[in-house]
Amino acid sequence: SSSTTTKGILLISRRSPFIAILKRSKKILKDTGKVELHAMGPAISLAIRLALELKSSENNFVKIHTTTGTTTVIDDLIPLQPNLMPKRRERKCSTISIIIKKTINN
């Protein structure tokens, strides 16, 4: 799956279909009053776009709390030639967490 949902938490990837995660986010927000969006790297802009669209669709009756950070990710590099050893590479990746809460029932 290109996005995962657990108890109102959406993990967004760069391949997450925007309309599908927007609908899922709206349903979670309607049912629970709160939705959390989490994304890394290239998916950050998608998460921000989603949060802004949710804010607009709720007539701005939401509160948004955003946290940014950096995490270390590990890439396992598998060689194309069988006589070479696999390598492991660590790199830093930006992260974002966006919590959206309804402020009134509209």
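The values are calculated or read from the model by the stated rules, or taken from the named source; none is laboratory data. What you are looking at is a predicted structure, and each value in this text was computed from that prediction instead of being measured. So basically every Cβ, Gly included, is an ideal-geometry build from the backbone, and we count neighbours across all protein chains shown. Side chains included, ligands, DNA and RNA excluded: accessible areas come from the protein's heavy atoms. Shrake-Rupley method; radii C 1.70, N 1.55, O 1.52, S 1.80 Å.
Residues being under 13 Å from the mean Cα position of the chain (by Cα), open to solvent by less than 40 Å² (accessible area, probe 1.4 Å) and over 22 Å from LYS27 (Cβ atoms): count how many of those fall in segment 70-106.
Kept after step one, since they are under 13 Å from the mean Cα position of the chain (by Cα), are these residues of segment 70-106: 94-100.
Imposing the further condition that a residue be open to solvent by less than 40 Å² (accessible area, probe 1.4 Å) reduces the set to 95-98, 100.
Those left that are additionally over 22 Å from LYS27 (Cβ atoms): 95.
The number of residues fulfilling the criteria is 1.
For segment 5-20, state whether one or more residues are in contact with a strand residue (DSSP E or B) (Cβ under 9 Å, 6 or more places away or on another chain), surrounded by fewer than 13 Cβ atoms within 10 Å (Cβ to Cβ) and either farther than 30 Å from ILE104 by Cβ or of a type in the set (S, T, N, Q) (or both).
Looking for residues that are in contact with a strand residue (DSSP E or B) (Cβ under 9 Å, 6 or more places away or on another chain), surrounded by fewer than 13 Cβ atoms within 10 Å (Cβ to Cβ) and either farther than 30 Å from ILE104 by Cβ or of a type in the set (S, T, N, Q) (or both), one finds at least one in segment 5-20, hence yes.
Condition check: charged (D, E, K, R) and either at pLDDT 95 or above or closer than 12 Å to CYS93 by Cβ (or both). Does ARG49 satisfy that? Can you show your working first?
Details: charged (D, E, K, R): yes; either at pLDDT 95 or above or closer than 12 Å to CYS93 by Cβ (or both): yes.
The answer is yes for ARG49.
Could you tell me which of the residues LEU50, LEU54, LEU29, LEU46 is within 19 Å of LYS7 (Cβ to Cβ) and within 11 Å of the chain's Cα centre (by Cα)?
One residue alone meets the criteria, LEU50.
Just for strands (runs of 3 or more DSSP E) wholly inside segment 1-102: which have at least 3 residues that are out of contact with any helix residue (DSSP H, G or I) (no Cβ under 7 Å at 6 or more places or on another chain)?
By residue number, 34-40, 62-77, 87-102.
Any residue that is over 24 Å from LYS102 (Cβ atoms) and open to solvent by 40 Å² or more (accessible area, probe 1.4 Å) - is there at least one of those in segment 26-33?
Taking segment 26-33 and keeping what is over 24 Å from LYS102 (Cβ atoms), we get none.
No, that holds for no residue.
Looking only at residues in segment 34-69 that are β-branched (Val, Ile, Thr) and under 17 Å from ILE104 (Cα atoms), which one is surrounded by the most Cβ atoms within 10 Å (Cβ to Cβ)? Steps first, answer last, please.
Keep residues of segment 34-69 that are β-branched (Val, Ile, Thr), which gives 35, 44, 48, 62, 64, 66-68.
If we keep only those that are under 17 Å from ILE104 (Cα atoms) too, we end up with 35, 62, 64.
On the way: VAL35: 26, VAL62: 22, ILE64: 15.
Of everything passing the filter in segment 34-69, VAL35 is surrounded by the most Cβ atoms within 10 Å (Cβ to Cβ).
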